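Laboratory data are not the source of any read-out in this text; all were calculated from the coordinates shown. What you see is a predicted model; the values in this text were computed from it and never measured. Here the Cβ positions follow ideal geometry from the backbone for every residue, glycine too, while neighbour counts run over all protein chains shown.
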Amino acid sequence: TLSIIKPDAVERNLIEEIKQEFKNKGFNILKEKKIKLEKSEAEKFYKVHQSKPFYNDLCSYLSSGPIVVMILERESAVVENRKLMGATDPTKAEEGTIRKKYGISIDKNSVHGSDSLENAKIEIDFFFKD
Ligand code: UDP
Ligand code: MG
């Protein structure tokens, strides 16, 4: 699956702590890189959300600072990563999830994770196809 540590978490120096959360749940980090997106790249990445009212702010935010993109491997990686991340809104996320622990708000929720195997492939290609 594809995981992103978003700008709010990178800014608060949470990269190592969040990577440890994945490792503790049996994920191998196969590839990772720290990058900063252009807004146009964020718009392409979040294209599925282009009709949503939060799309413009979301793309500005994702391109506002450095992020860490990672390929995470384990059995049932997509589903297990979504469980570990918790609900989109940190106030609704379960105890022990990354968003509950580190998320600031529904937009600054610290991590992204692919929502299906199909999208995982697309998102991995987006960042790591070269
Ligand atoms: N988002 C937002 N406002 C909303 C819903 C979502 O700012 O009302 C942002 C949030 O950062 C979220 C991202 O848009 O992580 C993508 O939304 P999605 O519904 O795909 O949530 P996710 O898959 O990240 O849980
Ligand atoms: Mg999503």
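Using only DSSP helix segments of four residues or longer, with each worth -39500 (n - 2.57), what per-residue ellipticity at 222 nm results for the chain after dividing by its residue count and rounding to 500?
Rounded to the nearest 500, it is -11500 deg cm²/dmol.
Hey, quick one: spin label on E17, modelled 7 Å out along Cα-Cβ, who in the range 87-110 has an amide N within reach, i.e. under 15 Å?
96-105, 109-110
Could you derive backbone 3J(HN,Hα) for the range 101-112 from the dihedral phi with the Karplus parameters 6.51, -1.76 and 1.60 (θ = phi - 60°), listing whole Hz in sequence and x where the residue is Gly or Pro?
Couplings: 6, 10, x, 9, 6, 4, 8, 9, 9, 6, 9, 10 Hz.
Under 5 Å between amide hydrogens, which residues at least 5 positions from V111 or on another chain qualify, with H placed 1.01 Å from N in the peptide plane?
K6
Would you calculate the separation in nanometres between label points at K83 and K39, each defined as 7 Å from the Cα along the Cα-to-beta-carbon direction?
Spacing of the two 7 Å Cα→Cβ label points: 4.0 nm.
With 10 angstrom as the radius, rank E118, E41 by how many other C-beta atoms surround their C-beta, starting from the fewest.
E118, E41
Classify the range 62-130 as rounded, prolate or oblate, taking a ≥ b ≥ c as the square roots of the eigenvalues of its Cα gyration tensor: rounded when a/c is under 1.5, otherwise prolate if a/b is larger than b/c and oblate if not.
Numbers: a/c = 2.37, a/b = 1.34, b/c = 1.77.
The shape class here is oblate.
Using a simple spin-label model with points 7 Å from Cα along the Cα→Cβ vector, what separation in nm is obtained for E95 and D107?
So the label points at E95 and D107 sit 3.1 nm apart.
K31's amide H: which non-local residues (gap 5+, or another chain) put their own amide H closer than 5 Å, with H modeled 1.01 Å from N in plane and none for Pro or chain starts?
I71
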